Amino acid sequence: VLDTEERHRILTTWNDTALPTTPATLPQLFQAQAARHPQAEAVVFGAQRLSYADLDIRSNRLAHRLIAAGIGPESLVALALPRSVDLLTAMLAVLKSGAAYLPLDLAHPAARIAFQLDDARPSLVITSAASTAVPDGTTVPRLVLDGPEATAALTEQSGDPVADTDRTTPLLPTHPAYVIYTSGSTGRPKAVVVHHAGLANQLAWLAADHGLAPDDVVLARTSTAFDASVWELWHPLASGAAVCLTPDGLGGDPRALLRYAAEHRVTVAQFVPSQLATLLDEGRIGSLRRLFSGGEPLSADLTRRITDSWNVPVTNLYGPTETTVQIASATGDPTASTATVPLGRPVHNTRFFVLDAALRPVPPRVAGELYIAGPQLARGYLGRPGLTAERFVACPYGEPGRRMYRTGDMVRWTTGGELEFVGRTDDQVKIRGFRIEPGEIQAVLAAHPAVAQTAVLVREDTPGDKRLVAYLVPTPDTDEAGLPAQARAAAAERLPEYMVPSAVVVLESLPLTANGKLDRRALPVPTYSTGAGRAAATLREELLCTVFAEVLGLPSVGVEDSFFDLG
């Protein structure tokens, strides 16, 4: 029950985020900085450095080449390039041509990349001579960026700025800027289409609330196939600051990552909380002055440890891919008594609605589903009008014709007008910052000829240690002993590594409740076989096996055991 004052506070006062913004496209924002600071450092990648003028001319030449090939607004260009200056140049060139870019993660299985190319049907894929990510059977035309033909053609192109008179049609803020795939609950990955207007609003909010100085260096460490990379790249390039791009594979080595960031005097960075906890044990970045975190709940304890060890404030960021990166933020308070840092307040021109099942607002401290309205809402899902209509629904609390996005996140208002995360309305989970729909994993496993039934869920048998576990019922006459290995191998062929189950449990049948639904509580705790390899033969091997056994919570580990198979 809400009285008039309380209802007004929830719907209006806490959503008073209006801020006048000038409609813009990302090429316009970058072009303004390139004209203002042409010799300022724009990109750092190892020993390579590019000024704004250099990056501008390089991307202009490639953009003119793309336009000559018929690429323009409403076109889609896939990028299959390793992390490099060429990758960033290609992203900017695609945007300047008026098209949207589709980043492909080269670490993903070939089958997943093939699906994305077949599903999105881009007009072109930009790749390199050394890349093997694009399947041989694909019909998408390729542009080999470092090939002799492309190199010769680019030298002939003009480095002058790209204008609307050069493009196939004028570029508008409502045109798509990028397309990024996320895990799908129906078993099929879904592509989110984000337009320039939403990205411009995001960058305007970042500039106002988390502005950068010309001497700032922002660490860009997130894979471009994830939307967190968007603000790491474009916030500094739309602000006159520098981007420090990390090489492929560096994220798996905390000590090397810290050294790289310190070497290039990084001042702003973001990390997933679980990664932050690891980095704290390895050292610090002396030049760091601002730290962001997101992707999973940020604990107050971790905030205190960061403040004590690194002496920098930590800002918690929240936002689904469908809402153009971040739509809420809160700076962690080291003295707070709460278990986690709140999600925070809505960004500029964004409204939050915490509603019950009948789309009625709920009072503070009462959990409800979060709906989001504002200019940062994505266009929808590429080629999925039905799914778009299901998640992007009519907004009953705004002007006629407005939409709101149904997040599936259960939240609650604090009495001070901030959001706290409670849980999910569905099975979607976050593990180490990765958004995972167990339904997609189940669909892949169910396609295996030896699997009759399957269920996938996240178990947290050890507090803080979340693991994906698959439960399988085999078909008749199946070799049950070999099924777990076959299932994990099949999953690895089609899913990213972070979506491959840590354990596979074979059951005679899935346990059901009295009304016929899956009884999750009755599913057994997985056991991990150990000792498959030889025993330790040296002191060093014995110490390593002991450490891994302690980390994985196992009685013993053999020298030749696979740590992935052990969880």
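The values are calculated or read from the model by the stated rules, or taken from the named source; none is laboratory data. None of these values were measured; they are calculated from a predicted model. Because the Cβ atoms are built from the backbone with ideal geometry, glycine has one as well, and the counts that use them run over all protein chains shown. Heavy atoms of the whole protein, side chains included, go into the accessibility calculation; ligands, DNA and RNA do not. Shrake-Rupley method; radii C 1.70, N 1.55, O 1.52, S 1.80 Å.
Quick look at the numbers
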{"item": "Rounded accessible area of residue 188 (nearest 10 Å², 1.4 Å probe)", "result": "90 Å²"}
{"item": "Accessible surface, 1.4 Å probe, highest first, among residues 97, 131", "result": "131, 97"}
{"item": "Amide H contacts of residue 216 (H built 1.01 Å from N, under 5 Å, at least 5 apart or other chain)", "result": "242"}
{"item": "Helix-only mean residue ellipticity at 222 nm for the chain, each DSSP H run of n ≥ 4 adding -39500 (n - 2.57), per residue, nearest 500", "result": "-8500 deg cm²/dmol"}
{"item": "Simple Cβ-charge dipole of the chain, Lys/Arg +1 and Asp/Glu -1, about Cα centre, in debye nearest 20", "result": "960 debye"}
{"item": "Added length on full extension, which subtracts the Cα-Cα distance from 0.36 nm per residue, residue 508 to residue 399", "result": "33.8 nm"}
{"item": "The range 262-319 - accessible surface per residue (Å², probe 1.4 Å)", "result": "38 Å²"}
{"item": "Among (1) 33, 28, 24; (2) 42, 35, 26; (3) 37, 31, 26, the entry derived from the coordinates for semi-axes √(5λ) of the Cα gyration tensor in Å", "result": "(3)"}
{"item": "Under-5 Å amide H pairs with residue 519, H placed in peptide plane, nonlocal only", "result": "512, 513"}
{"item": "Relative contact order (%) - criterion: Cα under 8 Å, at least six apart; region: the chain", "result": "12 percent"}
{"item": "Size of electric dipole in the range 1-144: Cβ of Lys, Arg +1 and of Asp, Glu -1, about Cα centre, debye, nearest 20", "result": "560 debye"}
{"item": "The range 165-274 - Kirkwood radius from inverse mean 1/r over Cα pairs (Å)", "result": "15.8 Å"}
{"item": "Surface share of carbon and sulfur [accessible, 1.4 angstrom probe, percent] for the chain", "result": "52 percent"}
{"item": "Accessible area expressed per residue, the range 454-519, with surrounding protein chains retained (probe 1.4 Å, Å²)", "result": "51 Å²"}
{"item": "Which of 230, 211, 311, positive extreme of dipole for the range 203-336 (C-beta unit charges)", "result": "311"}
{"item": "Heavy-atom surface of the range 151-219, accessible at 1.4 Å and reported per residue (Å²)", "result": "38 Å²"}
{"item": "Convex hull projection area averaged over all views, the range 1-109, Cα basis, nm²", "result": "12.3 nm²"}
{"item": "Estimated vicinal HN-Hα couplings, Hz - the range 267-283 in sequence order (Karplus 6.51, -1.76, 1.60; Gly, Pro = x)", "result": "10, 9, 8, 9, 9, 5, x, 5, 6, 4, 4, 6, 5, 4, 7, 10, x"}
{"item": "Candidate residues 121, 459, 345: accessible-area rank, largest first, probe 1.4 Å", "result": "121, 345, 459"}
{"item": "Spatial extent of the range 105-180: Rg and Dmax, with the Cα atoms as the point set, Å", "result": "15.2, 40"}
